[in-house]
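The values are calculated or read from the model by the stated rules, or taken from the named source; none is laboratory data. Please read these numbers as outputs of a predicted model, since none were measured by experiment. Heads up, the Cβs are rebuilt from the backbone with ideal geometry, glycines too, and the neighbour counts pull from every protein chain shown.
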Amino acid sequence: MQHDWYRKNGYRIFQQGIIWAMGIVLVWLAASLLRYIGITTNLDNGITALGFDRDRLLLLDALILTLLSSLIAGMLLHQHAPVWLGGMIFFSLSYLFPFIQQVQNPAFGPDGRGQLLLPGTFSMVLLTMIALSLLLAGAGAVLGQAWGNVLFTPFFTILNRFRQFYRKNRGNTHTTLPSTFSSLIFGLLLLCALFIAISGSGPLLMYGPTVNLYQSTGSIPSSQHGTILQGSFASPALGGMTRTYWIYLPASYARATTQHYPSLYLLHGSPGSPADWFVAGHAATTADVLIAEKMIRPTIIVSADGNGPIYRFSEWANSVDGRQRMEDAIALDLVAFIDSHYRTLTSANERAIAGLSMGGYGAVNIALHHPHVFHKIISLGGYFHATGPVFGSGANTLAYQQLNSPATFIHTDQGQQALLSDVIIIGMGSSDKRYNHEDISFYKELLSLKASARLLSNTGGHSWSLWSLQLRESLPLLHL
């Protein structure tokens, strides 16, 4: 009886095994072909132009290759399940396993101390990556099979006729139950993957896969930990709109009730939010350590919201049409609100502004326009020429663009007057090809004007791991 079962089903099992093996092989061949014709190079250039660092670049490369190679394989094989498995195996071997090995050897953290991997966070990152790969491999396989139906319908019609004839002669022992069950499992897995990917992919792609994986091996007493709060204020410059902010109060703030503190305003990039500097940039942890080691005085840190109601990517500037005064909302409204609600030192020499990427541009532009508000500036991975719809286009807006281009503005009388009192620190990454040439050029212009400027260059790209490190290096140089 057992022999009869093998005789009836052995060939079908062997056939299915061949199909599953072909699914895996086709995905790998498709991925190799895509790499060979330069798809990954074009992807890298495009993603890098958007400001992504190497960690996120490698992840996006692997995910996009998983999608495209599964799509091609599904189209050729006309089967989604084997291709789906092949896509998962490709992602795991080409990216996931090397990533697991990489994170086992962490570098020093933003506070300059060693780091330990956080198992819970690590598990969630891995789960999100697996969900994303499962979702993209499955989507590519299904779409590929559907496109294959359209492109190769005549071929598959003839092939199916041969299959029907063959099964008729051999006796059709096939049942639809396994196929139905596998489709159900496939659908449920995709739904689970979609839920996990939606809930976990935002921070992963926004900040990078390694940003929050570690905990410092060094520790300071809990009594020296500052407090992070969230608040809001009404901005007259934005028509009375309510704006949000995050604020760090040093550990001594609650105890020394008569003490006043210097302040630091942090500007995010685009896209971004007030949470970024604390969630990904570890600003609070960095401040705790620097204050505990007496490298800076206890300082109030404010992270602002630069997303505009009209121009979302505000460039932290007043728009040329006057409809969105984001610069004034920060330099006038937010600063006045913080000074009136918290115990700050209100001298411009006790107030600093810092930012990354778009925020790096905004920090310099705002401070140069308001030297009576900010005397100390940090620009990390920033740029120094006005760009974007907020500044308009055409000859009639050229003067406004120059007014908002620090590289040009510093050569005006007003700009040079601002430089007399400003301390400017520029941070750049050695592999941040999008901005490092502009950073170097602006730094040289500052030196030629006898400005108090400092250039920090570290290994890395347009990434949070670099910006958090340079924030720690920059703050003591401001002499807050």
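Could you tell me whether ARG343 is out of contact with any Asp or Glu (no Cβ under 8 Å at 6 or more places or on another chain), surrounded by fewer than 19 Cβ atoms within 10 Å (Cβ to Cβ) and either among the charged types (D, E, K, R) or not assigned by TED's automatic domain parsing to the domain that holds THR299 (or both)?
Numbers: out of contact with any Asp or Glu (no Cβ under 8 Å at 6 or more places or on another chain): yes; surrounded by fewer than 19 Cβ atoms within 10 Å (Cβ to Cβ): yes; either among the charged types (D, E, K, R) or not assigned by TED's automatic domain parsing to the domain that holds THR299 (or both): yes.
Yes, satisfied.
Can you name the residue in region 431-480 that is in a loop (DSSP other than H, G, I, E, B) and charged (D, E, K, R) and, of all such residues, is farthest from the chain's Cα centre (by Cα)? Step through it out loud before you land on a result.
Filtering region 431-480 for residues in a loop (DSSP other than H, G, I, E, B) gives 431-435, 449-451, 459-463, 479-480.
Adding the requirement that they be charged (D, E, K, R) leaves 432-434, 450.
Details: ASP432: 14, LYS433: 17, ARG434: 16, LYS450: 36 Å.
Result: LYS450.
On the given criteria, is PRO250 touching a Gly at 6+ places or on another chain (Cβ under 8 Å) and either closer than 19 Å to LEU345 by Cβ or surrounded by fewer than 21 Cβ atoms within 10 Å (Cβ to Cβ) (or both)? Before the answer, list the steps.
Details: touching a Gly at 6+ places or on another chain (Cβ under 8 Å): yes; either closer than 19 Å to LEU345 by Cβ or surrounded by fewer than 21 Cβ atoms within 10 Å (Cβ to Cβ) (or both): yes.
Against the criterion (touching a Gly at 6+ places or on another chain (Cβ under 8 Å) and either closer than 19 Å to LEU345 by Cβ or surrounded by fewer than 21 Cβ atoms within 10 Å (Cβ to Cβ) (or both)), PRO250 qualifies.
Considering PHE374, PHE409, PHE442, which residue is closer than 22 Å to GLY322 by Cα and surrounded by 20 or more Cβ atoms within 10 Å (Cβ to Cβ)? Outline the logic, then answer.
Working: PHE374 fails: closer than 22 Å to GLY322 by Cα; PHE442 fails: closer than 22 Å to GLY322 by Cα.
From the options PHE374, PHE409, PHE442, the qualifying one is PHE409.
Have a look at GLY362, GLY381 and point out the one that is at positive phi and either surrounded by fewer than 22 Cβ atoms within 10 Å (Cβ to Cβ) or in the same structural domain as MET428 (by TED's automatic domain parsing) (or both).
GLY381
Please state which one of THR387, THR408, THR397, THR412 is β-branched (Val, Ile, Thr), within 24 Å of ASN349 (Cβ to Cβ), assigned by TED's automatic domain parsing to the domain that holds GLY355 and out of contact with any Leu (no Cβ under 8 Å at 6 or more places or on another chain).
Values: THR387 fails: within 24 Å of ASN349 (Cβ to Cβ); THR408 fails: within 24 Å of ASN349 (Cβ to Cβ); THR397 fails: within 24 Å of ASN349 (Cβ to Cβ).
Exactly one residue qualifies, and that residue is THR412.
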